[in-house]
Amino acid sequence: MISSKDTVKEAILKAKSKKVFIEGNFVKLLAKTTDDEVKDYIEECKTKDLAQRRKRLDITKQVQAQNKELEEANRLNKDLLLDLQNKMEELEEAKKAAESLRDEALSDLEVMQKKTQFELVGIIVKLALAVIVGVGVTTSVLYMFVLYQGYDSKIIESTWSNLFGILLTNSFSIVGTIMGVKYATEKN
């Protein structure tokens, strides 16, 4: 117990000059006195101590509430981050699937284009050969008719020879052009 009047008087002077009061369990140790000034000081210390305790308790509760909110926000952020990572993985898988389908479609398109080109080349070659054979047969029949009838065949001979030369040259030109276009359009 503190009973020295000088110590209590010193504490009262410090309280008046520097606004510093005795707090906590130390207030309980002060001796009971009959001095009104010491009683007033002790009551003021108790009041200030109680106010400080309430203030600290309020701050502690506020900090605890904020910590709870921060922990909840942190948990939500972790959940959102996991969801985001899962979505990113799903998007990456979808991207790979789409690229695979695109590559497959391009491959199918290329096959179809080559097939169509091949069929078109075949049709053009058949038509060109049909025209060449048709003109050749017609000219040959006409030449044979002239020879059979005994007409002068000098003009028909040179025409027949020139016509076969032109048809042969044109047939090679057509086939060469078609083959050149076919190989020029290939990627390799």
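Derivation of every value follows stated rules applied to the coordinates shown; laboratory data play no part. Given the structure is predicted, the values throughout are model-derived calculations rather than measurements. Cβ sites come from the backbone with ideal geometry, for glycine too, and all protein chains shown count toward neighbours.
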Could you work out how much longer the chain between residue 91 and residue 74 gets when fully extended? Use 0.36 nm per residue separation minus the Cα distance between them, nm to one decimal. 3.6 nm
Give the residue from 161, 105, 59 lying farthest towards the positive end of the charge dipole for segment 31-188; charges sit on Cβ (+1 for Lys and Arg, -1 for Asp and Glu) and the dipole is referred to the Cα centre. 161
Two-decimal ratio, the chain, of alpha-carbon radius of gyration to 2.2 N^0.38 Å: 3.49
Taking the Cα centre as origin and putting +1 on Lys and Arg beta-carbons and -1 on Asp and Glu beta-carbons, what dipole magnitude results for the chain, to the nearest 20 debye? 1260 debye
